[in-house]
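The values are calculated or read from the model by the stated rules, or taken from the named source; none is laboratory data. Because the structure is predicted, anything quoted here is derived from the model rather than measured. Cβ sites come from the backbone with ideal geometry, for glycine too, and all protein chains shown count toward neighbours. Side chains are part of the model used for accessible areas, which takes the heavy atoms of the whole protein and leaves out ligands, DNA and RNA. Shrake-Rupley method; radii C 1.70, N 1.55, O 1.52, S 1.80 Å.
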Amino acid sequence: MDSPVGDDLGLGIRLPDIGRVNSRGHRAVHPITPVIHGLSVIPFAIFLTIGIAGSLVGSLGIAALVVGVGGALVAGVIATGYQYLAWRALEFWFDEDGDLRVDSGVLTRAQRRLQLSRLQSIDVSQPFIARLFSMAAVTVEVAGSGDSRVELRYLSLGDARALRSEALARAAGLHHDTVEAPEQPVMRVAPRDLALSLLLRTNTVTLLGATVLILVVSWQAEGFAGIGLALVTGGLPVAIVITEFIKYFDFTVAESPDGLRLRFGMTKTQTRTVPPGRIQAIEIVEPLLWRRMGWVRLRVNIAGVADDPKEETLLAPVASLKGAEALIARVLPGVDLAALRWTTAPSQARWRSPVQWRSLAASSDDNVVATRSGRITRRRAFVPHPRTQSVRVTQGPWERALRLATVHVDSTPGPVAIAALHLAAHDARALADAQAARAGRARTIDTTIRWARPEDQRPAGN
């Protein structure tokens, strides 16, 4: 069962599992959904209307406050009314083929079908307002281009978990009334370690150091010209640290026959279930100041989760190197990081990349292709051969003059970019040819990466 963390805020508001089911067996989200949507817009509407009212009356006095709050309440009522119509129009069900069907739309009706045999991930999240009512949103993502994601907001927490379990069972070809799979905790990030790791990141320390320097220079010069700049250089990293701490608070990893379960969040809790084989690439990130602590961060590309390459999808925001290697061994069985034999960049690479050229290297074995880079922040990236989408060799003018080349191994969209930088040209071409051949063979035999043992599979319902 899921951890109770994030189920509610201790306010005693726990609504029953109510779902409207019509004569055709189609289901609906919880009737409280329009109210949650209406309450969600009120805080933003208060600030917006107070600002507008203040500009009209020329001050931010009582009149502006009254107008602002009144306008926000009106906006909340309008949003609630519209969301009531949307709630009445939304239906979802599983068809005879086991796929998820969703009908929605107030002015324009939309009918969507998600093929669960191509399920990429299914998430259960609880935004702050929804948590007050023990409600949750369920996001289902399948493979495909365009509109391949659907979000059902909001279901009771019990209904959301039941829907997730049913969708995962149907995706695995099991009986749809299969009970929720048990999970085994793998790792939990302590809040203290998370906070300290965020403060010790290279960019955080650099910006805070620059802030101190600016303030000292301003004080010595007896001027205030640098105060505004210091507010930016100091405020930006603090805001990033607070935001990420809230986002990844109480980060836990568990495994089950359904796949890998990631659970995190303070004000908005998320439970992300990644079916077996959906992790496409992994990167070990080791900032300079983390090495003394023996910490690393695990970033991953998960099929269907991060369509935006700038979105950071994590397997662990911070972990010991030993713990990270154990986690990688669970999701990429057979991968032995210590056994990899690296082909390093030649000495002439120092002219192309003078800081990190000694760290540049690439490797490949029967399971993965790997790259290494970075001197201040070390990075090692790994891609299983079946997850390789394409292989490219690039050679810019400077690289051509130095007889160097870079090998790019393309994965699904995500934060991990796999590039063997500035290798000797003949080594780069040999690596690219070998990787293309290995990826082709791996796809031909339909290699599937799984971390659950066969005996762990869930029993089908009667």
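Residue by residue, the stretch 399-410 carries 3J(HN,Hα) couplings of 5, 4, 5, 9, 6, 10, 7, 10, 9, 10, 10, 7 Hz when phi is fed to the Karplus relation 6.51 cos²θ - 1.76 cosθ + 1.60 (θ = phi - 60°); x denotes Gly or Pro.
Among the trypsin sites (Lys or Arg not before Pro) found in the stretch 96-142, those both in a DSSP coil and sparsely packed, with 16 or fewer other Cβ atoms within 10 Å of their Cβ, are 109. Residue 87 exposes around 30 Å² of accessible area when a 1.4 Å probe is run over every protein chain in place. Summary of packing: across the peptides 230-238, 424-432, 26-34, the per-residue average of other C-beta atoms within 10 Å ranks them, highest first, as 26-34, 424-432, 230-238.
Inverting the mean 1/r over all pairs of different Cα atoms, compute the Kirkwood radius of the stretch 186-225 and quote it in Å. All intermediate terms of the calculation are to be shown ahead of the outcome.
Working: mean 1/r = 0.0817 Å⁻¹.
For the stretch 186-225, inverting the mean 1/r across all distinct Cα pairs yields 12.2 Å.
When you count the other C-beta atoms within 10 angstrom of each residue and take the mean per peptide, 195-201, 412-418, 38-44 line up highest first as 412-418, 195-201, 38-44. Karplus-based coupling profile of the stretch 89-105, in residue order and whole Hz: 8, 8, 9, 9, 6, 9, 7, 5, 7, x, 8, 8, 10, 9, 10, 7, x, with θ = phi - 60° in 6.51 cos²θ - 1.76 cosθ + 1.60 and x standing for Gly or Pro.
In the frame of its principal axes, the stretch 63-136 has Cα extents of 59, 28, 18 Å, reported largest first. How about the stretch 185-284: which chymotrypsin sites (Phe, Trp or Tyr not before Pro) there are in a DSSP loop, with at most 16 other Cβ atoms within 10 Å of their Cβ? For chymotrypsin sites (Phe, Trp or Tyr not before Pro) across the stretch 185-284 that sit outside H, G, I, E and B with at most 16 neighbouring Cβ atoms in 10 Å, the list reads 224.
The convex hull of the Cα atoms of the stretch 322-364, projected and averaged over all directions, covers 4.0 nm².
Within the shell defined by Cβ-Cβ distances under 15 Å, the residues around residue 401 carry a net charge of +3, with Lys and Arg each +1 and Asp and Glu each -1. Please work out whether the stretch 354-433 counts as rounded, prolate or oblate from its C-alpha gyration tensor, where a ≥ b ≥ c are the square roots of the eigenvalues and a/c under 1.5 means rounded, while otherwise a/b larger than b/c means prolate and anything else oblate? Cα axes put the stretch 354-433 in the oblate bin. Peptides 395-408, 370-383, ordered by how many other C-beta atoms sit within 10 Å of their residues on average, highest first, read 370-383, 395-408. Full extension of the segment from residue 341 to residue 93, taken as 0.36 nm per residue of separation minus the current Cα-Cα distance, would add 84.2 nm.
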